[in-house]
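Undergrad: The structure under discussion is supplied below as structure tokens; questions concerning it will follow.
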Amino acid sequence: MSETELTSLQSELLTAIEAASDGAALEALRVEALGKKGKLTEMMKTLGKLDPDARKAMGAALNAAKDAVSVAIEAKQKVLAAAALSERLEKERIDVTLSPRPMGEGRIHPITQTTDEIVTIFAAMGFATAKGPDIDTDWNSFTALNMPANHPARQMQDSFYMPDVSDGLSSTEKRVLRPHTSSVQIRTMMGQKPPIRIIAPGRTFRCDYDMTHTPMFHQFEGLVIDEKTNMGHLKGCLLDFLRAFFGIDDLPLRFRPSYFPFTEPSAEVDIGCSRKGGELKLGNYGDWLEIGGCGMVNSNVLRNCGIDPDVYQGFAFGTGIERLAMLKYGIPDLRTFFEADMRWLKHYGFVPLDIPNPAMAG
Ligand code: PHE
């Protein structure tokens, strides 16, 4: 064996090591070169037959070759291990994100949207939200609101009474589909002590049906009771709300004297508009549009709820939610709100997360 043979064996081995495609091939090469019966090991065994000078030279060359091969194997091992790891990382990658649910179809109904906007604005003014049932007692809906049985004032909100199961039911037993959310005033005053500051949105029922009336519709009620609240607060509160809701900074508001059994004095609330050219436009244009009723809570109502009118006073107001939605979003016919027509809902409904909600406007 000569040094030339050794040199070519070494370069053969190094080339093969460099070309090894995996750990097993590399291990086979290691055994082939450095194993017990490996080529370099075998060559070591032949050193003894050489004379001392040649042995020394050949021994050094052999050791250098063994070192070179070992270093090459080790380096290749690292390269192969790194490649194997990145392949594994690539293959075993887990996507922990959840793709969003498709949202193309559903819409938020204008009533829901408008109710959210109303509640949001009043929440910013310190009002809590109160709820009452759609079917309430005659007492909560009428009697406690200063409308005794058979009083003609009941006709203003004449209503769907539940059929009497027995004759002679008292006002607190007899039930009615509530004709207004004012019943929540009673429930609130019976259930908590002043100061009170609530807003109560919900369904209401009356026997009407035309372009601006449906037997079921929505109202929201406001109620503030404390020791000092006066009519100026009522007007300021409604003005702030209406300007925020319609987004019209100089929207004018007018109180027109009116009558409700449960408030004294009472007023009809009008906002400024224009009807020029048959088109309704809200703003400071000199014309007026009625949008709700209000007043200072009648002392009889306070007394009916166990609140001393000599200590406490306050105001209440009520407005139709559909009416506000129709005005704000230009919806011409009230009846369409409840026809469950998907084309209507697609047109007038709101895409979730795409809502011009004052809560999001900051
Ligand atoms: N409940 C009255 C209605 O439905 C509105 C209203 C509420 C008026 C509160 C005054 C105070 O017409």
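The values are calculated or read from the model by the stated rules, or taken from the named source; none is laboratory data. The structure presented is a predicted model; accordingly, all values stated were derived computationally and were not measured. Heads up, the Cβs are rebuilt from the backbone with ideal geometry, glycines too, and the neighbour counts pull from every protein chain shown. The protein model used for the area step is the full one, side chains on, heavy atoms only, and it has no ligands, DNA or RNA in it. Shrake-Rupley method; radii C 1.70, N 1.55, O 1.52, S 1.80 Å.
Undergrad: Tell me, yes or no, whether region 164-173 has at least one residue that is in a helix (DSSP H, G or I) and hydrophobic (A, V, I, L, M, F, W, C).
TA: Looking for residues that are in a helix (DSSP H, G or I) and hydrophobic (A, V, I, L, M, F, W, C), one finds none in region 164-173, hence no.
Undergrad: With the checklist (1) within 30 Å of K346 (Cβ to Cβ); (2) open to solvent by less than 60 Å² (accessible area, probe 1.4 Å) in hand, flag the one item A72 doesn't pass.
TA: Against the list (1) within 30 Å of K346 (Cβ to Cβ); (2) open to solvent by less than 60 Å² (accessible area, probe 1.4 Å), A72 comes up short only on (1).
Undergrad: Further question: Condition first: in a strand (DSSP E or B) and under 30 Å from the mean Cα position of the chain (by Cα). Now tell me which residues in region 222-258 satisfy that.
TA: Passing the criteria: G222, L223, V224.
Undergrad: Going by the conditions given, is S266 within 15 Å of the ligand (Cβ to nearest atom), under 26 Å from H180 (Cβ atoms) and in contact with a Gly (Cβ under 7 Å, 6 or more places away or on another chain)?
TA: It is true that S266 is within 15 Å of the ligand (Cβ to nearest atom), under 26 Å from H180 (Cβ atoms) and in contact with a Gly (Cβ under 7 Å, 6 or more places away or on another chain).
Undergrad: I'd like to check something: does region 139-149 contain any residue that is in a loop (DSSP other than H, G, I, E, B), open to solvent by 50 Å² or more (accessible area, probe 1.4 Å) and more than 13 Å from T204 (Cβ to Cβ)?
TA: Yes - at least one qualifying residue is present in region 139-149.
Undergrad: Does G106 meet the test of being in contact (Cβ under 8 Å) with a residue 24 or more places away in the chain, in contact with a strand residue (DSSP E or B) (Cβ under 7 Å, 6 or more places away or on another chain) and not in a helix (DSSP H, G or I)?
TA: So G106 fails the test.
Undergrad: May I ask you to say which residue of E227, E221, E173 is assigned by TED's automatic domain parsing to the domain that holds T319, out of contact with any His (no Cβ under 7 Å at 6 or more places or on another chain) and under 24 Å from H109 (Cβ atoms)?
TA: One residue alone meets the criteria, E221.
Undergrad: Working only within region 305-322, note down all residues that are within 12 Å of the ligand (Cβ to nearest atom) and of a type in the set (S, T, Y).
TA: Answer for region 305-322, where residues must be within 12 Å of the ligand (Cβ to nearest atom) and of a type in the set (S, T, Y): just T319.
Undergrad: Just the residues that are of a type outside the set (V, I, T) and open to solvent by 100 Å² or more (accessible area, probe 1.4 Å), please, taken from region 88-109.
TA: The answer is R88, L89, E90, K91, E92, R93, D95, L98, P100, R101, P102, E105.
Undergrad: Quick check on this structure: which one of A61, A82, A65, A54 is part of a helix (DSSP H, G or I), in contact (Cβ under 8 Å) with a residue 40 or more places away in the chain and farther than 20 Å from V31 by Cβ?
TA: From the options A61, A82, A65, A54, the qualifying one is A61.
Undergrad: Return yes or no: is P309 closer than 21 Å to F246 by Cα, open to solvent by 30 Å² or more (accessible area, probe 1.4 Å) and in a loop (DSSP other than H, G, I, E, B)? Steps first, answer last, please.
TA: Working: closer than 21 Å to F246 by Cα: no; open to solvent by 30 Å² or more (accessible area, probe 1.4 Å): yes; in a loop (DSSP other than H, G, I, E, B): yes.
So P309 fails the test.
Undergrad: What number of residues in region 259-297 are within 19 Å of F220 (Cα to Cα) and either open to solvent by 20 Å² or more (accessible area, probe 1.4 Å) or assigned to a strand (DSSP E or B) (or both)?
TA: 18
Undergrad: D136 passes all but one of (1) more than 14 Å from the ligand (Cβ to nearest atom); (2) open to solvent by less than 10 Å² (accessible area, probe 1.4 Å); (3) touching a helix residue (DSSP H, G or I) at 6+ places or on another chain (Cβ under 6 Å); (4) of a type in the set (D, E, K, R); which number fails?
TA: Here D136 clears every test but (1).
Undergrad: Is it the case that region 221-234 has a residue that's within 13 Å of the ligand (Cβ to nearest atom) and in contact with a helix residue (DSSP H, G or I) (Cβ under 6 Å, 6 or more places away or on another chain)?
TA: Yes, that holds for at least one residue.
Undergrad: Mind listing whichever residues of region 153-188 are within 15 Å of the ligand (Cβ to nearest atom), open to solvent by 50 Å² or more (accessible area, probe 1.4 Å) and either among the polar types (S, T, N, Q) or farther than 17 Å from P215 by Cα (or both)? It would help to see each step written out before you state the result.
TA: First, the residues of region 153-188 that are within 15 Å of the ligand (Cβ to nearest atom): 153-160, 176-188.
Restricting the remaining residues to those that are open to solvent by 50 Å² or more (accessible area, probe 1.4 Å) gives 155-156, 158, 160, 187.
Those that are within 15 Å of the ligand (Cβ to nearest atom), open to solvent by 50 Å² or more (accessible area, probe 1.4 Å) and either among the polar types (S, T, N, Q) or farther than 17 Å from P215 by Cα (or both): Q155, R187.
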